[in-house]
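Student: One structure follows; several queries about it will come next.
We did not get these values from a lab; they are worked out from the coordinates using the rules stated. Treat the numbers as computed from the prediction; the structure is a model and nothing was measured. A quick note on method: Cβ atoms are made from the backbone with ideal geometry, for glycine too, and the neighbour counts reach across all protein chains shown.
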Amino acid sequence: MAEQKIDVAYVAELARLELTDEEKAVFQPQLENIVKYVEKISEVDVEGIEPMMHGKALVNAFREDVVRPSMAREDALANAPARVGDEFLLPKIVEGAES
């Protein structure tokens, strides 16, 4: 694969980033190294290897949804700073929301 020159100033412009000349001088070789690394990775033969999101298989850790005894409502509400009937009263946090 032929080496491509990627201009960090152009990439920054696409990302709507304003970089100083000093930042461009620092990031240009870093970007070139990243591109070289990606090109190196693309040389690996992955024929017959199924794509995966993780390096090892993940197992679903969800438990079965089973109803079980819980705290009594009055105990849960005992330390509530404010309540309305059997519910916690919370402050409005979205501007423009109606009470």
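Student: May I ask you to list the residues in segment 69-92 that are among the charged types (D, E, K, R), assigned to a helix (DSSP H, G or I) and without any contact (Cβ under 8 Å) to a residue 12 or more places away in the chain?
Tutor: Glu74, Asp75
Student: Oh, and also: Does Glu95 qualify as being of a type outside the set (A, V, I, L, M) and not in a loop (DSSP other than H, G, I, E, B)?
Tutor: no
Student: With under 30 Å from Val8 (Cα atoms) and in a loop (DSSP other than H, G, I, E, B) as the only criterion, which of Val66, Val44, Val38 stands out?
Tutor: Only one candidate qualifies: Val44.
Student: Scan segment 21-51 for residues that are of a type in the set (D, E, K, R), free of Cβ contacts under 8 Å to residues at least 40 places away in the same chain and exposed (fewer than 10 other Cβ atoms within 10 Å of the Cβ) and report the count.
Tutor: Looking only at that region, the number is 5.
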